[in-house]
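The values are calculated or read from the model by the stated rules, or taken from the named source; none is laboratory data. None of these values were measured; they are calculated from a predicted model. All Cβ positions, even for glycine, are placed from backbone atoms using ideal geometry, and neighbour counts span all protein chains on display.
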Amino acid sequence: MRRNVMLTPIVTNSYRQPIQKSALAIRRFNSGCSQQQRAEERSMNAKRIQQLAAALLASATMTACAQAPQTAERQVAEREATQARMTDGKALFEEKCANVAGEKIYRKVENVEGLLLMKVRPPAGDAQWSNRDWPGAAFARESTGDEYITTFLGFEYGGSVLGGGFEPVRPDYRGHVSTDRRPGGLPGYRWVEVIDERDGKRYRITGSTKVVGNKDTTAKGVQMAMQKDANYDLKIYRWSLDKSVSTSPSPRYGVTYEDHVIPEERYLGVASSTVKVIDLETEEVLGELIRYAWSPGAPSRVNPSPWLTAYKCPGHARGANVATRKFVDQILIPAKEK
């Protein structure tokens, strides 16, 4: 009987070592090929990136070259438009100053104790001073809020002149208004009334100096003053407004204003406003102050608030913040002090 015998090849150590070396060589060969392929791929990718970058740079350069003349032309056109606007604005301002602006007094009233402020100028700041269309631009330096009210109650004083000396107030030389009471000051009104928009009530407002505290007697300056003057006043005084609901008949005379926002004029940097003094009993206009202001430039880092530096007609070299008061008291002559 014949048997099938499976023969298992016998590999001795002498044969196993060459086979292992051959397999290792094959792996190394394959690995070398892969590394070479990856290197070639990286080289090709780098070339593609360089070619793409060169193409983008060339495209950007061509675009910049094409846009450069347009940008330059646009800048020239903008400068020319700005210069034309400034020229037209100056011409309009000068024309209005020559033919429209000014103080017009139709009738005067003597010995007036008080008046009704029909409108009070609201507070203003950087947002308003830099806004071409801000309604109050023509009176940008005017006092606002309680300070506006105070200007009608304070005393007007002259000022120093070149070469020394003091110049008193006169029609052609108006001064500044202060709440200090000193010799030579021209009095304002004894009271003014306003209508509070929040409750619709009419309030009478006066002003006075009050004691608000005492000086520090341990302070060196105060001690020195006490040594020099045995009667040195240690009280601290402050001027303030007093407000109460009015029980008097409504004032006969009133002051109001109307700010003008005319688009074509504001485009040229020109603003205007009218102040009116009115006999509320007869509705007669006793006088008008028409003011124009011109700001040649837009807000900038050098001049962020153009309306504060605007040209004005008519204007005041001194007391620019009390222009309305100094017009009104030419018509409604304040009563003399008692």
- Of the residues that make up the stretch 152-170, is at least one modelled with pLDDT of 95 or more and either under 25 Å from the mean Cα position of the chain (by Cα) or not assigned by TED's automatic domain parsing to the domain that holds Gly315 (or both)? no
- Residues that are more than 21 Å from Lys276 (Cβ to Cβ) and either of a type in the set (Val, Ile, Thr) or surrounded by 13 or more Cβ atoms within 10 Å (Cβ to Cβ) (or both), drawn from the stretch 241-260: Leu241, Lys243, Val245, Ser246, Thr247
- Condition test on Ser240, is it farther than 25 Å from Ala138 by Cα, touching a residue at least 12 places away in the same chain (Cβ under 8 Å), within 28 Å of the chain's Cα centre (by Cα) and not in a loop (DSSP other than H, G, I, E, B)? yes
- Do any residues in the stretch 132-149 that are in the same structural domain as His260 (by TED's automatic domain parsing) have Cβ atoms under 9 Å from those of residues that are modelled with pLDDT of 95 or more and of a type in the set (Asp, Glu), where the two are at least six apart or on different chains, and which pairs are they? Trp134/Asp259; Pro135/Asp259; Gly136/Glu142; Gly136/Asp259; Ala137/Asp259; Ala138/Asp259; Phe139/Asp259; Tyr148/Glu142
- Note on the structure: Phe152 fails exactly one of (1) touching a Lys or Arg at 6+ places or on another chain (Cβ under 7 Å); (2) closer than 27 Å to Pro304 by Cβ, namely (2)
- Select the strands (runs of 3 or more DSSP E) contained entirely in the stretch 281-338, then report the ones holding at least 1 residues which are more than 21 Å from Thr87 (Cβ to Cβ) and touching a strand residue (DSSP E or B) at 6+ places or on another chain (Cβ under 6 Å). 284-294, 332-334
- Query: Of (1) within 30 Å of Glu265 (Cα to Cα); (2) at pLDDT below 95, Tyr237 satisfies all except one. Which?
  - Reply: (1)
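Would you mention how many residues in the stretch 136-149 are out of contact with any Phe, Trp or Tyr (no Cβ under 8 Å at 6 or more places or on another chain) and either surrounded by 17 or more Cβ atoms within 10 Å (Cβ to Cβ) or outside any helix (DSSP H, G or I) (or both)?
Qualifying residue count, the stretch 136-149: 6.
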- Message: Restricting to the stretch 272-317, give me the number of residues that are touching a residue at least 60 places away in the same chain (Cβ under 8 Å), closer than 28 Å to Gly159 by Cα and charged (D, E, K, R).
- Response: 3
